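**Q** Here it is: the structure, laid out below.
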Amino acid sequence: MTVSQIDEEVAKLLELKVQLGGDEGRHQFTLKTAKGTRDYNPKQMAIREKVFNTIISCFKRHGAENIDTPVFELKETLTGKYGEDSKLIYDLKDQGGELLSLRYDLTVPFARYLAMNKVTNIKRYHIAKVYRRDNPAMTRGRYREFYQCDFDIAGQYDPMIPDAECLKIVHEILSELELGDFRIKVNDRRILDGMFAVCGVPDDKFRTICSTVDKLDKMSWEDVRSEMVKEKGLSEEAADQIGQYVSLQGGMDLAERLLQDAKMSQSKQACAGLTDMKQLFSYLQLFQVTDKVVFDLSLARGLDYYTGVIYEAILTQTGPVPKAEEGVSVGSVAGGGRYDGLVGMFDPKGRKVPCVGVSIGIERVFSIMEQKAEASAEKVRTTETQVMVASAQKNLLEERLRLTAELWNAGIKAEVMYKKNPKLLSQLQHCEDSGIPLVAILGEQELKDGVVKLRTVHSREEIDVSRAKLVEEIKRRTSDV
Amino acid sequence: PAAINTLGMASLRLCAGLAGHRSRLCVRSLRTLSGMTVSQIVEEVAKLLKLKAQIGGDEGKHQFTLKTAKGTRDYNPKQMAIRERVFNTIIRCFKRHGAEPMDTPVFELKETLTGKYGEDSKLIYDLKDQGGELLSLRYDLTVPFTRYLAMNKITNIKRYHIAKVYRRDNPAMTRGRYREFYQCDFDIAGQYDPMIPDAECLKIVHEILSELELGDFRIKVNDRRILDGMFAVCGVPDDKFRTICSTVDKLDKMSWEDVKSDMIGQYVSMQGGMDLAERLLQDAKMSQSKQAYLQLFQVTDKVVFDLSLARGLDYYTGVIYEAILTQNGPVNVAATQNGVEEKAEEGVSSMAGGGRYDGLVGMFDPKGRKVPCVGVSIERVFSIMEPTWPRQQQCAFPG
């Protein structure tokens, strides 16, 4: 059968499926979001906004520009970039046009953007949702649709300086978000590959052994060793030799030691990586972030496209929240590395643009901050309204609307109740519930006198303000806050 | 499985046969497949797709194309700066009116979107059936909003939502029409005294379009019930329709009684003409009170009651409105700059639209509980603004 004949056959079968009703028997309409996705209610949006503001101000502090790309790409753009993870990509239905897939990360679209626009140098940030058909564990903040905050530096530069800046940015952001203590593990693809080579791992097994080693943050060494030997067919010797290295952690000193190591030094690749690692640490010292950074030989990040330094940040505690069930680390909150070959895969002439970047996984940050907010007594406002325009008497709707419009026209954030004759108590209650600080109360007598009663909600103090001076008075009070 | 798939296997074997009779054999085998169950079909499809993958997946190799998907675009840093400025203006306005932000996923269960968009349903992007739930990309922000209200049993909220929506339109990108584009929605849900929230929505459109300084605009307003009343009356010959429109138009100039007798004079010959006229006038009176609120909100300068306005979407139940840039807007500048004389299409300059939709939440609520809603959606702002941004670049840009 040819491919097009198969397509035809499949189409006929699917049509038949639709005719049959599409599903075995009827079922109830389910009122829910898709599996692995969620809505953000106003309280969650308030937290999200705060987190984004912190992150964006850090990115801007480092001179990054902002870009955006579409939520889906041509399927072929994403093909062959994610290795084993490719099966987690959401495809769009073939509806007769181009074949499309939802973006899996922001890095591949970035590389496509660079190649498409022939950009050779850029420092950019991109905050957007990405899509992975994972098995979500939503209580641990793992979703199928989730935000990533990416910062990347593209361009040919002197080695390790931009790489160090990425780490500085992770350090700044995680510190400012006050999530508790964290560690940034650093390694290098070349060191990993060099280590595998000198330990006797066959070339064709590098990537698959790499993804097994990657599981060391979730599995014990015994289980990882067992997978390498039993499932991936590695010799026990090689596995043991790897075991000796991946337990090593340190700083610049470790890099130095390994350069002297009899076995490791046999690999040119590893030596290049180790030399760069020393350079990196010297810059990190200047950037004052070495307190949290550790060179860790067991770090082996999943994605295929990394070519040099790789890093991952983890929280080491859940912070001040005394939640008994998940007292252990929330997992990785940021990751990244150098990927020098990706743009070249897109460029028609194969022109390379070296890139290094980091991606902050904020869903975990959101869950932590949401827990914090719930635990604290502090009330989070979901609106910014400054004044409620109210009245105690009947038939004053028109006057209320007129005054509200005046306030809006003056740029003041105001609300009015959508009732012709609301009770004063319900209007005041709304202010309490929403955290609105001021009420402008209209009454027959006040209208005659040309004044408005301005009431401070929390103190219940009231003064009469002339209509003409009302805007000024409100602005003065709200700027003091 | 072997027994169940006898028919299936037969078709595979037949189809894998020799040239010449292949397609005929496949069709014949399909007819015998009518005894198949859905799960058998699913299995069969999976087998065929696996075979396709083995063969190589595509007829011969083809060049890799470096582009974004049709109807979509990247935003470079300069465009992002414009976008940020526009969003800040819009969000500032929404917040000034006390709206809370919210967000929903980019895709919904397919069944959530089914049956809500009438003829436009064919423009919805579906996700591939990859063995899980059937999903579709959101077509607007209104249906997700009502799903959210029903799901969380919310009866009152004033919310804004700014996000991209997806429509498999025939894009006319030079005219600012994309398949992926931003909508900025503001909605008020809840049972309130009539027309006040509706008027506030119009005030918001007026504020935003004024602050964005895109040129002169008009907000056309109509009401679904008046339209429906019109169509009921339209059992009457065509020549009466225009007359009736203009009669209703006189409402702000003539008294109720005069309008009523005028209308009665025109079509009382029809059975039930009186009732229709009464109903029409009640609805028009509602409109009138909205008119009064609009005066208090100081937006009547741009608002026009237009009986010919009939917005596409099925779910509107009351007031409907649409804001358009008038002829002297920047759109025409773009048209001539391209060196092509483009006719000033009304659809091109439509900037915002919305209305009242009281029945939508009830469609989701298991008990059919209704939550009345009214809202407005602002769109296409960047595409309208971008042709002008070289001009704008000369203005002081905040950061």
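The values are calculated or read from the model by the stated rules, or taken from the named source; none is laboratory data. Just so it is clear, the model here is predicted, and its values are computed rather than measured. Cβ atoms come from the backbone with ideal geometry, glycine included; neighbour counts cover every protein chain shown. The accessibility values were calculated without ligands, DNA or RNA, using every heavy atom of the protein model including side chains. Shrake-Rupley method; radii C 1.70, N 1.55, O 1.52, S 1.80 Å.
**Q** Quote the charge dipole size of segment A:42-375 about the Cα centre in Debye, to the nearest 20; the model charges only the Cβ of Lys and Arg (+1) and of Asp and Glu (-1).
**A** 640
**Q** Once you list every other residue whose beta carbon is under 12 Å from the beta carbon of residue A:119, what net charge do they have if Lys and Arg are +1 and Asp and Glu are -1?
**A** In short, +1.
**Q** Could you check how much of the accessible area of segment A:402-445 is carbon and sulfur, as a whole percent, using a 1.4 Å probe?
**A** Summing carbon and sulfur atoms, their accessible area is 52 percent of the total for segment A:402-445.
**Q** Another question, then. If ligands, DNA and RNA are left out, what is the accessible area of residue A:271 with a 1.4 Å probe, given in Å² to the nearest 10?
**A** 30
**Q** Suppose all protein chains stay in the model; what accessible area per residue would a 1.4 Å probe give for segment A:70-229, in Å²?
**A** 36
**Q** Scanning chain A for helices, which whole DSSP H stretches are 27 Å or more long along the axis (Cα) and average -0.5 or more by Kyte-Doolittle?
**A** For chain A, where a helix must reach 27 Å along its axis and average at least -0.5, the hits are A:42-61, A:268-286.
**Q** What is the sum of charges, Lys and Arg at +1 and Asp and Glu at -1, for the other residues whose Cβ falls under 14 Å from the Cβ of residue A:168?
**A** Neighbourhood net charge equals -2.
**Q** What do you reckon, how do A:188, A:217 stack up by accessible area (1.4 Å probe), largest on top?
**A** So the residues, ranked largest to smallest area, are A:217, A:188.
**Q** Any chance you could look up the accessible area of residue B:379 with a 1.4 Å probe, heavy atoms only, rounded to 10 Å²?
**A** About 30 Å², rounded to the nearest 10.
**Q** Then there is this: Does any residue of segment B:88-124 lose at least 30 Å² of accessible area with all protein chains in place compared with its chain alone, and if so which ones (probe 1.4 Å)?
**A** Correct list: B:95, B:96, B:98, B:100, B:101, B:103, B:105, B:106, B:107, B:109, B:111.
**Q** Another question about this same structure. Magnitude of the Cβ-charge dipole of segment A:412-453, K/R +1 and D/E -1, about the Cα centre, nearest 20 debye?
**A** That gives segment A:412-453 a dipole magnitude of about 140 debye.
**Q** If you rank A:430, A:171 by how much accessible surface each has, with a 1.4 Å probe, what is the order from largest down?
**A** Result of the area sort, largest leading: A:430, A:171.
**Q** Same structure, new question: Quick check: pseudo-label points 7 Å beyond the Cα along Cα→Cβ at residue A:4 and residue A:349, how many nm apart are they?
**A** Placing both labels 7 Å along Cα→Cβ, they lie 3.6 nm apart.
**Q** Let me ask you something else. Can you find, among A:294, A:108, A:393, the residue farthest towards the positive end of the dipole of chain A? Put +1 on the C-beta of Lys and Arg, -1 on that of Asp and Glu.
**A** Of the listed residues, the answer is A:393.
**Q** How big is the B-A contact in terms of buried accessible area, both chains counted, 1.4 Å probe, rounded to the nearest 100 Å²?
**A** Between B and A, the summed buried area is about 8400 Å².
**Q** Rounded to the nearest 10 Å², what accessible area does residue A:275 have for a 1.4 Å probe in the complete protein model?
**A** 80
**Q** Along the charge dipole of segment A:42-375, pointing to its positive end and built from +1/-1 on Cβ of Lys, Arg, Asp and Glu, which listed residue (A:51, A:315, A:219) has its Cα farthest out?
**A** The Cα lying farthest towards the positive end belongs to A:51.
**Q** Run through every distinct alpha carbon pair of segment A:190-233 and return the Kirkwood hydrodynamic radius in angstroms, one decimal place.
**A** 10.6
**Q** With charges only on Cβ, +1 for K and R and -1 for D and E, what is the dipole size of segment A:387-477 about its Cα centre, in debye, rounded to 20?
**A** The dipole of segment A:387-477 has a size of about 120 debye.
**Q** Let me ask you something else. Enter the mean projected area of the convex hull around the alpha-carbon atoms of segment A:387-477, in nm², rounded to one decimal.
**A** That works out to 5.2 nm², a quarter of the Cα hull's surface.
**Q** Debye sum, Cα scatterers, segment A:439-481, no solvent: what log₁₀ I/I(0) at q = 0.20, 0.31, 0.32, 0.34 1/Å?
**A** -0.60, -1.13, -1.17, -1.22
**Q** Past 19 Å, Cα to Cα, is the threshold; run A:475/B:203; A:185/A:218; A:50/A:218; A:379/A:419; A:232/A:263 against it and keep the listed order.
**A** A:475/B:203; A:50/A:218; A:379/A:419; A:232/A:263
**Q** Still on this model: Just add up the charged neighbours of residue A:307: K/R +1, D/E -1, any other residue whose Cβ is under 9 Å from the Cβ of residue A:307.
**A** That sum, taken over residues with Cβ under 9 Å, equals +2.
**Q** Could you tell me the center-to-center distance, by alpha carbons, between segment A:152-212 and segment B:109-143 in angstrom?
**A** 40
**Q** I'd like the carbon and sulfur percentage of the solvent accessible area for segment A:27-182, probe radius 1.4 Å, heavy atoms only, ligands and nucleic acids excluded.
**A** Roughly 49 percent of what the probe reaches on segment A:27-182 is carbon or sulfur.
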